[in-house]
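The values are calculated or read from the model by the stated rules, or taken from the named source; none is laboratory data. Source: prediction; values computed, not measured. Here the Cβ positions follow ideal geometry from the backbone for every residue, glycine too, while neighbour counts run over all protein chains shown.
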Amino acid sequence: MSAADWPVVAEIYREGIATGHATFASEPPDSYAEWSNGKMVGCSLIARDGAGLVLGWACLTPVSDRCVYVGVAEVSVYVAQSARGRGVGDVLIRDLIARSEVLGVWTLQAGIFPENKSSIALHVRNGFREVGRRERIGKMSHGPLAGQWRDTVLLERRSSVAGRS
């Protein structure tokens, strides 16, 4: 992903936000620079079709700057509404997994609204397991669920390659 991709990446993010079940964010950041701040280098990806149209994006964000968590990252995957159900999410998450292991990341985690069953299924298909439910972890600030406390399902994937020694 590059700054040139930002307009379409932001639009796909807006589509996810509009569902009310993708993120607590109420809008995308104003710029690629703002969005990419804090993301893991080399782990912000886009998927394109044969004509070059961006179908989705994914990224990894470190969960903490404490040294003991250097190998733990949070996964974000967003697929354009027009491309959902076509395996784009699987391609993106598999690429993130491979890149994360090269970087020595031993645990990937995702916090997903329980209503987002397709995202939960995507993660489970790709080796994540449910480790808990964070009840009333945050309050929605926008959309039809504004003011409501929301739960998230916490999923994680432990690498069979990284973090073994």
- Message: Among the listed residues Val54, Val124, Val63, identify the single one that is β-branched (Val, Ile, Thr), surrounded by 15 or more Cβ atoms within 10 Å (Cβ to Cβ), in contact with a strand residue (DSSP E or B) (Cβ under 8 Å, 6 or more places away or on another chain) and closer than 22 Å to Phe24 by Cα.
- Response: Val63
- Selection status of Val161, farther than 22 Å from Ala10 by Cα, of a type in the set (A, V, I, L, M) and free of Cβ contacts under 8 Å to residues at least 12 places away in the same chain: no
- Quick one: Glu34 ticks every box in (1) farther than 17 Å from Val105 by Cα; (2) part of a loop (DSSP other than H, G, I, E, B); (3) free of Cβ contacts under 8 Å to residues at least 40 places away in the same chain bar one, so which box is it? (2)
- Note on the structure: Exactly one of Val75, Val54, Val41 is modelled with pLDDT of 95 or more and closer than 21 Å to Ala3 by Cβ, and that residue is Val54
- Note on the structure: The residue that is surrounded by the fewest Cβ atoms within 10 Å (Cβ to Cβ), considering only those in segment 127-165 that are in contact with a strand residue (DSSP E or B) (Cβ under 8 Å, 6 or more places away or on another chain), in a loop (DSSP other than H, G, I, E, B) and not aliphatic (A, V, I, L, M), is Gly147
- Query: What number of residues within segment 67-112 satisfy the criterion of being assigned to a strand (DSSP E or B), free of Cβ contacts under 8 Å to residues at least 40 places away in the same chain and either among the β-branched types (Val, Ile, Thr) or more than 24 Å from Ile17 (Cα to Cα) (or both)?
  - Reply: 1
- Query: When segment 115-158 is examined, which residues are found to be in contact (Cβ under 8 Å) with a residue 60 or more places away in the chain, of a type in the set (Ser, Thr, Tyr) and within 15 Å of Glu74 (Cβ to Cβ)?
  - Reply: Ser119
